[in-house]
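All remarks here apply to the structure that follows.
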Amino acid sequence: ADAMIASLGKAQEFRNGRQLAAWLGMVPTQHSSGGHTRLGAISCRGDGYLRTLLIQGARSSLQRAKAVATEKATPEQ
C-alpha cells in the first residue's frame, strides 16, 4: 500500500478505475478504427513494480481464501 500511495500521489486525478489500470499497464492495448473495437494483449507499460505487488497480493488473498473451510468463511472469502 505504501508503494502504491508513493507512486500515485493524488488518486483523485484518475476519473475511474480503468484509467488507473491503464496507468499501471494492466489493460489490453486498443487498436480500434471505424467503430470496430480490437483489443490486443496486456500492454505491460507503466510501473512493473506496482503490478508485481498487486499480483502477489491477489495470489496471497486467493490462497488464504482457499485455506479457510467453507463453513467458517466470511462473505469476502
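Here are a few things to note about the model shown:
- Backbone HN-Hα couplings from phi across region 17-26 [Karplus 6.51/-1.76/1.60, Hz, Gly and Pro as x]: x, 5, 5, 5, 5, 5, 5, 6, x, 10
- Trypsin sites (Lys or Arg not before Pro) restricted to DSSP loop in region 28-77 with at most 16 other C-beta within 10 Å: ARG38, ARG45
- Using alpha-carbon coordinates, inclination of helix 48-67 to the longest axis of the chain, degrees: 30
- Accessible area ranking (1.4 Å probe, heavy atoms, ligands and nucleic acids excluded), largest first, for LEU54, LEU24, LEU8, LEU39: LEU39, LEU54, LEU8, LEU24.
- Protein-only accessible surface at a 1.4 angstrom probe places the residues MET4, MET26 in the order MET26, MET4, largest first.
The values are calculated or read from the model by the stated rules, or taken from the named source; none is laboratory data. Everything numeric here is computed off the predicted structure, so don't read it as measured data. Positions of Cβ are generated from backbone atoms using ideal geometry, with glycine treated the same way; all protein chains shown enter the neighbour counts. All accessible areas refer to the heavy atoms of the entire protein, side chains included, with ligands and DNA or RNA removed. Shrake-Rupley method; radii C 1.70, N 1.55, O 1.52, S 1.80 Å.
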